[in-house]
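For reference, the structure discussed in these notes is given below.
The values are calculated or read from the model by the stated rules, or taken from the named source; none is laboratory data. Every value quoted in this text rests on a predicted model; they were computed, and no experiment measured them. No Cβ is skipped: glycine too gets one built from the backbone with ideal geometry, and neighbour counts run over all protein chains shown. Side chains are part of the model used for accessible areas, which takes the heavy atoms of the whole protein and leaves out ligands, DNA and RNA. Shrake-Rupley method; radii C 1.70, N 1.55, O 1.52, S 1.80 Å.
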Amino acid sequence: GRETHVLGSYSHALPGEHGARAVLRTPVDPRIRFAGEACSDGEFSTVHGAYNSGVAAARALLS
């Protein structure tokens, strides 16, 4: 709530653009991965979706 440019937000996909989430979570490089609720296929717009995608990205980096 203190970030002046964000103020808290959740993602939303335009109709027919749900597949963009898969593109977003595709690794840019073996050492660079994106995580967050926007990367979650089934738990988007939720805190647990953000957490679970972060755990998945961390595990992928450590394996």
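Worth pointing out:
- Rounded tilt (10° steps) of 47-62 against the dominant C-alpha axis of the chain: 20
- Trypsin sites (Lys or Arg not before Pro) restricted to the chain and DSSP loop, no more than 16 other C-beta within 10 Å: Arg2, Arg31
- Carbon/sulfur fraction of accessible area - the chain, other protein chains in place, 1.4 Å, %: 61
- The mean accessible area for residues of the chain, using a 1.4 Å probe and ignoring ligands and nucleic acids, is 78 Å² per residue.
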